[in-house]
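Novice: Let me give you the structure first, and then I'll get to my questions.
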Amino acid sequence: MSDAQTIASYDAIAAAYLARRQDRTVMAGALTRFVACTRPGGRVLDVGCGPGFDTAALRDQGLRTVGVDLSWGMLHTGRGVYGVPLVQADLRWLPFAPVWDGLWVNAALLHLPRPEVPAVLRRFHHLLRPGGCLYLSLKAGQGEGWEAAGYGRPAPRWFTYWTAEGLAALLAGSGFAILDEWRDELPQVTWLNCLARRP
């Protein structure tokens, strides 16, 4: 994850990130689709959970959720706000057994350099039970590199951009069956969304 600088940036902007992003209205459609795909009452891992707002939203839909993030600042900011289990770990080496009914990976995989992504998707496939669902959101575009602006201070973070075709090929190569794909066109960024299942 071009680790140290990206983590330090998220640690530094954690409070501002929580304040700006805690209204999850923009995620309502994706959350609804994911919940419909996931076994009622199932175990869900929120990978790259930040402060845990989606972890809590999924819990409120009846799922048993755990949030995981590499930024201690993000996790610390969310503790006491959402009342969900939060674990510090790297999404490339998640320390969990393969018992999950769903993986919610919202705006997290985009911080990995492109060559690292296939192995991570294979690990995600391993962590899911047969029939389990994976939700991914990534920024649409070409290339990868550092972006410095955000949240009122310089906060360099690494971003890798994706095409729908490239993402679909990687998911298929990792053993996933794609259930749904859609784009969210926002003023400054287009998000690719994908819902896939481990057969």
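Novice: Looking at Gln22, Gln5, which is the one that is over 24 Å from Pro130 (Cβ atoms), among the polar types (S, T, N, Q) and in contact with a strand residue (DSSP E or B) (Cβ under 8 Å, 6 or more places away or on another chain)?
Specialist: Of Gln22, Gln5, the one residue that is over 24 Å from Pro130 (Cβ atoms), among the polar types (S, T, N, Q) and in contact with a strand residue (DSSP E or B) (Cβ under 8 Å, 6 or more places away or on another chain) is Gln5.
Novice: Quick one: count up the residues across region 147-185 that are surrounded by fewer than 13 Cβ atoms within 10 Å (Cβ to Cβ) and either touching a Ser or Thr at 6+ places or on another chain (Cβ under 8 Å) or modelled with pLDDT under 85 (or both).
Specialist: 7
Novice: Any residue at all in region 98-109 that's at positive phi, modelled with pLDDT under 95 and within 16 Å of the chain's Cα centre (by Cα)?
Specialist: Here is the first cut: in region 98-109, the residues at positive phi are 107.
Narrowing further to those that are modelled with pLDDT under 95: 107.
If we keep only those that are within 16 Å of the chain's Cα centre (by Cα) too, we end up with 107.
Yes, region 98-109 has at least one match.
Novice: May I pose another question? Quick check on region 32-84: of everything there that is without any contact (Cβ under 8 Å) to a residue 60 or more places away in the chain and among the charged types (D, E, K, R), which residue is nearest to Leu128 (Cα to Cα)? Can you show your working first?
Specialist: First pass over region 32-84, keeping only residues without any contact (Cβ under 8 Å) to a residue 60 or more places away in the chain: 32, 35-36, 40-41, 43, 49-69, 75, 79-80, 82-84.
From the residues that got through so far, the ones that are among the charged types (D, E, K, R) too are 43, 54, 59-60, 64, 69, 79.
Working: Arg43: 10, Asp54: 19, Arg59: 18, Asp60: 21, Arg64: 14, Asp69: 18, Arg79: 26 Å.
By that ranking, first place goes to Arg43.
Novice: Now a separate question. Among the candidates Val105, Val87, Val99, Val81, which residue alone is of a type in the set (A, V, I, L, M) and either buried (at least 23 other Cβ atoms within 10 Å of the Cβ) or under 27 Å from Ala140 (Cα atoms) (or both)?
Specialist: Exactly one residue qualifies, and that residue is Val105.
Novice: For region 57-126, which fully contained strands (runs of 3 or more DSSP E) count at least 3 residues that are not β-branched (Val, Ile, Thr)? Before the answer, list the steps.
Specialist: Working: elements: 64-69, 86-88, 100-106.
Per the criteria, 64-69, 100-106.
Novice: Among the residues of region 174-183, is any closer than 22 Å to Tyr17 by Cβ and hydrophobic (A, V, I, L, M, F, W, C)?
Specialist: No.
Novice: Against the definition (closer than 28 Å to Thr65 by Cα and at pLDDT below 95), how does Ala119 come out, yes or no?
Specialist: Judged against the criteria, Ala119 is not a match.
Novice: Looking only at region 59-76, decide whether some residue is over 13 Å from the mean Cα position of the chain (by Cα), surrounded by 24 or more Cβ atoms within 10 Å (Cβ to Cβ), of a type outside the set (Asp, Glu) and within 27 Å of Ala12 (Cβ to Cβ).
Specialist: Checked against the condition, which is being over 13 Å from the mean Cα position of the chain (by Cα), surrounded by 24 or more Cβ atoms within 10 Å (Cβ to Cβ), of a type outside the set (Asp, Glu) and within 27 Å of Ala12 (Cβ to Cβ), region 59-76 yields at least one hit.
Novice: Also: Does at least one position in region 132-141 carry a residue that is hydrophobic (A, V, I, L, M, F, W, C), touching a residue at least 12 places away in the same chain (Cβ under 8 Å) and assigned to a loop (DSSP other than H, G, I, E, B)?
Specialist: The answer is no, given that none of the residues of region 132-141 is hydrophobic (A, V, I, L, M, F, W, C), touching a residue at least 12 places away in the same chain (Cβ under 8 Å) and assigned to a loop (DSSP other than H, G, I, E, B).
Novice: May I pose another question? Based on what the data block shows, is Ala4 modelled with pLDDT under 80 and assigned to a helix (DSSP H, G or I)?
Specialist: yes
The values are calculated or read from the model by the stated rules, or taken from the named source; none is laboratory data. Small disclaimer: the values here were computed from a predicted structure and weren't measured. When we count neighbours, we look across all protein chains shown, and the Cβ atoms used for this are built from the backbone with ideal geometry, even at glycine.
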